[in-house]
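J.: Submitted below is the structure of interest, expressed as structure tokens.
The values are calculated or read from the model by the stated rules, or taken from the named source; none is laboratory data. Computed from a predicted structure; not experimentally measured. Virtual Cβ from ideal backbone geometry, glycine too; neighbours counted across all protein chains shown. Please note that ligands, DNA and RNA were not included when accessible areas were found on the heavy atoms of the full protein model with its side chains. Shrake-Rupley method; radii C 1.70, N 1.55, O 1.52, S 1.80 Å.
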Amino acid sequence: MIELRDRHAAGPTVRLHDNDNIVIARADVSIGTALPAEGITSRSQVGAGHKIASTKIAKGDAIRKYGVTIGFAATDIEPGTLIHSHNLEFRETERDYAYARDYQPIDMIPEAGRASFMGIVRDNGQVATRNYVGIITTVNCSATVVHKIAEWFTPERLAEYPNIDGVAAFAHGLGCGMEMTGEPMDLLRRTMAGYIRHANLAAVLVIGLGCERNQIAGLLEAEGLSVGPRLKTFVMQDTGGTRKTIEAGVNAVKALLPAANAVTRTRVPASHLSIGLQCGGSDGFSGLTANPALGAAMDLLARHGGTAILSETPEIYGVEHTLTCRARNREVGEKLIERIRWWKDNYAVGRDVQINGKVSPGNNAGGLANIFEKSLGSSMKGGTGPLMEVYKYAEPVKQRGLVFMDTPGYDPVSATGQIAGGANMIMFTTGRGSMFGAKPVPSIKLATNTPMFKRLEEDMDINCGSVIDGELTMNQMGQKIFDLMLQIASGEKSKSELLGLGDHEFVPWQIGIVG
């Protein structure tokens, strides 16, 4: 891991690896600017976070960042020239997966020295970071009803229940017009069940229309759930329609509030933290500051016995071999490759999506030329420790340490799967400035650069731009992130919570046909 403070912090560029043939512009660089650390002069107008050739690169030669090939020169490139999509060619390359070759067990911190936070311990031993009542729809047809019920419970009406963080609705666009059986329905029900069982939900109402394919009875049977003190169900066609179901739902939540409020935060080990790792609106600084700094925090969390869930399968593509070589055994590594092959050989064949090369316009404008470059930074969120397990979307995460969950790169869909798997916090890095919340868990925003942090400070929790500015080392920033995680897990509100974000980010992955 680089220490940017020691890498010519006062200069206009940053060199990431001795074997790189590019450097990164620390701020906007004009034509004719001297780059003294490289002994060259800029030939291009280069935006902050973008790449500059540090030596002559012949057409067809590999372009290296962090010592890793991110593409090939599409033409001869002179030193000092901007390198981006116009002169960097995306090309598939062979990768050595080296399963478990570099596996090293986690160097655990002795239990007496491990960190803790103030959590809510449920009767089943799960630990919550927040305390919500949830209302989940089986189908889009009952989406309005669940939102209307949740909206009734304003802060004023919940004032006498100070230990309840809110009443949250989880609506989606699925549940009908889809296959009755098979993986699409299994995935939807697995996701819903993960929320129903989630530690951060003290109680849940499930509301259906009545004629949908995702029947409440089928959901309960498939997922081994049953109606009881913390799980109630309503069917609109049986309850009397929209107005009567809203009225019945409001009354049902009212009855649940006293028991939901009867909780006390107690000190628990940090091993009860399960962190969903997200990045969105990435830029050229994502892989230099926020992502590796979050990785440093996750390495620390793993040493304290906690769990880090790396996801977004398209955004590790091209660098998956850096994970398989750290897998705890060959089986875990092969699970990851099986998921990637499913994407490449089945799901995304012939589609204009990022796993096939292109990144989003915002990512590209921020300095990322292709998916290999984005993946190089994105994968750093998981840290440097061993890969302990690989999960399908929304599967319950039971293994501690760094794990991987197969999800799309689209943040609401990815985070929904992580939360369904048990994540009780989301850590979200962003370079362009993503606005994101994730009820029923807190979401912490990590800005990659100081100008964006200052511009969007109401939405950003931590400025990881302090690393590129030379104010903090990567490990110091990792410790700062870790400390804030413990504070937020203990009940302090994140910026997204203060703004009320998170009411519309429950987005289960739709992988089947609509018919």
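J.: For the list (1) under 30 Å from residue 214 (Cβ atoms); (2) small (Gly, Ala, Ser); (3) at pLDDT below 95, I need the number of the one condition that residue 67 fails.
T.: Condition not satisfied by residue 67: (1).
J.: Pick from segment 310-348 the residues that are acidic (Asp, Glu) and in a helix (DSSP H, G or I): which of them is nearest to residue 295 (Cα to Cα)?
T.: Applying the filter and picking the extreme gives 315.
J.: Let me ask something additional. Take segment 441-458 and flag every residue that is farther than 22 Å from residue 298 by Cβ and either in a strand (DSSP E or B) or in contact with a strand residue (DSSP E or B) (Cβ under 9 Å, 6 or more places away or on another chain) (or both). I'd like the intermediate steps shown before the answer.
T.: Of the residues in segment 441-458, the ones farther than 22 Å from residue 298 by Cβ are 450-452, 454-458.
Once the filter is applied, which keeps residues that are farther than 22 Å from residue 298 by Cβ and either in a strand (DSSP E or B) or in contact with a strand residue (DSSP E or B) (Cβ under 9 Å, 6 or more places away or on another chain) (or both), segment 441-458 yields 450, 452, 454, 456, 457.
J.: Restricted to segment 387-420, and to residues that are of a type in the set (Phe, Trp, Tyr) and open to solvent by less than 10 Å² (accessible area, probe 1.4 Å), which residue is nearest to residue 302 (Cα to Cα)?
T.: Of everything passing the filter in segment 387-420, 404 is nearest to residue 302 (Cα to Cα).
J.: Only residues in segment 491-513 that are open to solvent by less than 20 Å² (accessible area, probe 1.4 Å) count as the first member; pair them with residues that are of a type in the set (Gly, Ala, Ser) and in a loop (DSSP other than H, G, I, E, B), Cβ under 7 angstrom, at least 6 apart or cross-chain, and list the lot.
T.: Close Cβ pairs (under 7 Å, with a partner that is of a type in the set (Gly, Ala, Ser) and in a loop (DSSP other than H, G, I, E, B)) amount to 496/437; 496/502; 502/437; 506/171.
J.: Could you tell me which numbered condition residue 447 fails, if it satisfies all but one of (1) over 20 Å from residue 201 (Cα atoms); (2) open to solvent by 10 Å² or more (accessible area, probe 1.4 Å); (3) touching a residue at least 24 places away in the same chain (Cβ under 8 Å)?
T.: Here residue 447 clears every test but (2).
J.: Please report, ordered by residue number, the helices (runs of 4 or more DSSP H) entirely within segment 206-302 with at least 1 residues that are of a type in the set (Gly, Ala, Ser) and either modelled with pLDDT of 95 or more or buried (at least 17 other Cβ atoms within 10 Å of the Cβ) (or both).
T.: Working: elements: 216-223, 236-239, 242-261.
Output list reads 216-223, 242-261.
J.: Only residues that are among the polar types (S, T, N, Q) and part of a loop (DSSP other than H, G, I, E, B): list them for segment 480-515, please.
T.: Across segment 480-515, the qualifying residues are 490, 494, 510.
J.: Follow-up question, since we're still on this one. Do we have residue 26 as at pLDDT below 95 and touching a Pro at 6+ places or on another chain (Cβ under 6 Å) here?
T.: yes
J.: Determine if segment 360-374 includes at least one residue that is in contact with a strand residue (DSSP E or B) (Cβ under 6 Å, 6 or more places away or on another chain) and either aliphatic (A, V, I, L, M) or open to solvent by 20 Å² or more (accessible area, probe 1.4 Å) (or both).
T.: Within segment 360-374 (the criterion being in contact with a strand residue (DSSP E or B) (Cβ under 6 Å, 6 or more places away or on another chain) and either aliphatic (A, V, I, L, M) or open to solvent by 20 Å² or more (accessible area, probe 1.4 Å) (or both)), the answer is yes, since at least one residue qualifies.
J.: Answer yes or no: is there a residue in segment 145-154 that is within 27 Å of the chain's Cα centre (by Cα) and assigned to a loop (DSSP other than H, G, I, E, B).
T.: no
J.: Moving to a separate point now. Within segment 102-124, identify whether any single residue is in a strand (DSSP E or B), of a type in the set (Gly, Ala, Ser) and over 28 Å from residue 421 (Cα atoms), and answer yes or no.
T.: No: zero hits.
J.: It is to be established whether one or more residues within segment 185-196 are modelled with pLDDT of 95 or more, surrounded by fewer than 20 Cβ atoms within 10 Å (Cβ to Cβ) and either among the hydrophobic types (A, V, I, L, M, F, W, C) or in contact with a Leu (Cβ under 8 Å, 6 or more places away or on another chain) (or both). So that I can check it myself, show each step before the final result.
T.: Taking segment 185-196 as the starting set, the residues that turn out to be modelled with pLDDT of 95 or more are 185-196.
Cutting the leftovers down to surrounded by fewer than 20 Cβ atoms within 10 Å (Cβ to Cβ) gives us 186.
Remaining after also requiring either among the hydrophobic types (A, V, I, L, M, F, W, C) or in contact with a Leu (Cβ under 8 Å, 6 or more places away or on another chain) (or both): none.
Checked segment 185-196: no residue is modelled with pLDDT of 95 or more, surrounded by fewer than 20 Cβ atoms within 10 Å (Cβ to Cβ) and either among the hydrophobic types (A, V, I, L, M, F, W, C) or in contact with a Leu (Cβ under 8 Å, 6 or more places away or on another chain) (or both).
J.: Tally the residues that are charged (D, E, K, R) and either farther than 30 Å from residue 243 by Cβ or crowded, with 16+ Cβ neighbours inside 10 Å (or both), restricting the search to segment 109-164. Working first, answer last.
T.: Looking only at segment 109-164, we keep the residues that are charged (D, E, K, R), and these are 111, 114, 122-123, 130, 148, 151, 156-157, 160.
From what is left, the residues that are either farther than 30 Å from residue 243 by Cβ or crowded, with 16+ Cβ neighbours inside 10 Å (or both) are 111, 114, 122-123, 130, 148.
Qualifying residue count for the region: 6.
J.: Moving to a separate point now. For segment 26-36, what are the residues that are open to solvent by less than 20 Å² (accessible area, probe 1.4 Å) and within 20 Å of residue 373 (Cβ to Cβ)?
T.: Across segment 26-36, the qualifying residue is only 29.
J.: Quick one: how many residues across segment 459-479 are part of a loop (DSSP other than H, G, I, E, B) and polar (S, T, N, Q)?
T.: The number of residues fulfilling the criteria is 1.
J.: Applying the selection to segment 164-201, what residues are part of a helix (DSSP H, G or I) and not acidic (Asp, Glu)? Working first, answer last.
T.: Here is the first cut: in segment 164-201, the residues part of a helix (DSSP H, G or I) are 183-196.
Those that are part of a helix (DSSP H, G or I) and not acidic (Asp, Glu): 184, 185, 187, 188, 189, 190, 191, 192, 193, 194, 195, 196.
J.: How many residues are closer than 22 Å to residue 374 by Cα, of a type in the set (S, T, N, Q) and free of Cβ contacts under 8 Å to residues at least 60 places away in the same chain when one looks only at segment 46-74?
T.: Residues in segment 46-74 being closer than 22 Å to residue 374 by Cα, of a type in the set (S, T, N, Q) and free of Cβ contacts under 8 Å to residues at least 60 places away in the same chain: 1 in total.
J.: Return only the number of the condition from (1) within 30 Å of residue 451 (Cα to Cα); (2) outside any strand (DSSP E or B); (3) open to solvent by less than 30 Å² (accessible area, probe 1.4 Å) that residue 423 does not satisfy.
T.: So residue 423 meets the others, but not (1).
J.: If residue 408 passes every condition in (1) outside any helix (DSSP H, G or I); (2) in contact with a Leu (Cβ under 7 Å, 6 or more places away or on another chain) but one, which one does it miss?
T.: Of (1) outside any helix (DSSP H, G or I); (2) in contact with a Leu (Cβ under 7 Å, 6 or more places away or on another chain), only one is false for residue 408: (2).
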